[in-house]
1. For n ≥ 4 DSSP H runs only, could you compute -39500 (n - 2.57) per run for the chain, divide by its residues and tell me the 222 nm figure to the nearest 500?
2. Of the residues ASN231, ASN277, ASN288, which exhibits the maximal mean-square fluctuation in a Gaussian network model of the chain defined by a 10 Å Cα contact cut-off?
3. Quick check: the angle from helix 377-389's long axis to the longest principal axis of the chain, C-alpha only, nearest 10 degrees?
4. So if I take the alpha carbon set of the chain, get Rg, then get Rh from the Kirkwood formula, what is the Rg over Rh ratio?
5. Taking 0.36 nm per residue of separation and subtracting the Cα-Cα distance, what length does fully extending LEU302 through ALA142 add?
6. Full-extension gain between SER309 and LYS21, please, as 0.36 nm times their residue separation minus the C-alpha to C-alpha distance.
7. With a 10 Å radius around each residue's Cβ, average the other Cβ atoms per peptide and rank 81-87, 349-355, highest first.
8. Over the chain, what relative contact order in percent results from Cα pairs under 8 Å that are six or more residues apart?
Amino acid sequence: MHRPTALETEVQQALETFAEKAYSLSDHLAANPEVSEQEFTASRLHVDFLRTCGFTVEHPFAGLPTAYSAVLGNGKRPKVALLAEYDALPEIGHACGHNVHGAMTLLAAAGLAPVMNQLNGTLWIVGTPAEETNGAKVSMAAQGIFDDTDLAMMIHSGAGKSFVRYRCLAMDAIEFTFKGKAAHAAAMPWEGHNALNGVQLLFHAVDMLRQHVRPEVRMHGIVREGGAAPNIVPESASARFYFRAPWRTYLNELMEKIYNCARGAALATGTSVTWRNYEASFDNLKPNPTAEFMMEDVFRSLNIPVHSSPEPRGSSDVGNVSFRCPALQPVLALTEEPMALHTREFAALCASSAAHPGILLGAKALAFGTLRTFLDEGLRKRMREEFLSGEAQ
């Protein structure tokens, strides 16, 4: 049985002091959801919370109007970054629970603030907007801001089972635009080149490719533009896809096959095709077993059942962070009842008081994992060595 240290006891007392404020913030965001890159109120409320706890805040941050950076400590290493998300989904609000796990991060920061004068290092809270679309962590990672960080982590809320060894799929978001030639669809269709046919053939080609890719690959898309009227041969049509794979290297190989599908569809329909990334590309998460083992021990010390991790299903911009420093994104179940994310049912759970115990428990896990990282130089060294030696797939 784990006996709390004096520092952990002090942190826990601060967590309990600030818990109601964190619950209120989470509930307010649930009732007033803001979609990606529009989280102006949410980011301001996060910043106000952290300033109350004594953090020095930069807002906006990293060239992003709804991002922020909050720092407490001596400005030197060791340095732990706790990541906060707060964007919602269109129409269904906080159905991914960002209001909840953002509150976990803030509450952990509040718990750690009173003991930072006893620790030789820097606690860094990073507000990372737009996880559901462009992924602020992608551009932040590309700027190198995580490169001197000993550990970056956050907890994602979930349902059913809790686990630490989260994995995510690398993802490319690609828009294909086909250009043809308009004509009267009844009087002289032979004068036209149907751009929509190019899009349709692309979907068929992608479907045929499914037989020849790894089973973990996910390829899904929508028609964004298909023409103006049935009696006009469409001269322009477009489709948007997400392509996902367990490793960035494999996804890059897959994308060359996808682009050949698009080229072939254009050739077959007498059209032309171009493509572009309409959202930032996400990387898979680079595992750090040392950090994961440490956090599993923290979970067990808090009586959180640790289950084996499912196969990667979704994508997250935390993957990009994991290629710049050791990174973790455990999943904490808010309920034992299995429940899919991105549903109205999960949004309702995250908007209710039933999510409050999870906020406190997740904050404890983040805070205690942060303490261990600050206090154990050997742990930090092993995490860094593992990060540097790990395969950059």
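1. Details: 11 runs with 156 residues, N = 393.
My calculation for the chain gives -13000 deg cm²/dmol from helical runs alone.
2. ASN231
3. Its long axis makes an angle of about 20 degrees.
4. On the way: Rg = 23.2 Å, Rh = 22.2 Å.
With Rh from the inverse mean 1/r over Cα pairs, Rg/Rh is 1.05.
5. The span from LEU302 to ALA142 would gain 54.1 nm if fully extended.
6. 100.5 nm
7. Numbers: 81-87: 28.0, 349-355: 19.0.
For the peptides 81-87, 349-355, the packing ranking is 81-87, 349-355.
8. 24
Taken together, the values in this text are just the output of simple stated rules run on the coordinates, not laboratory data. Computed from a predicted structure; not experimentally measured. Note that each Cβ is placed from the backbone with ideal geometry, even for glycine, and that neighbours are counted across all protein chains shown.
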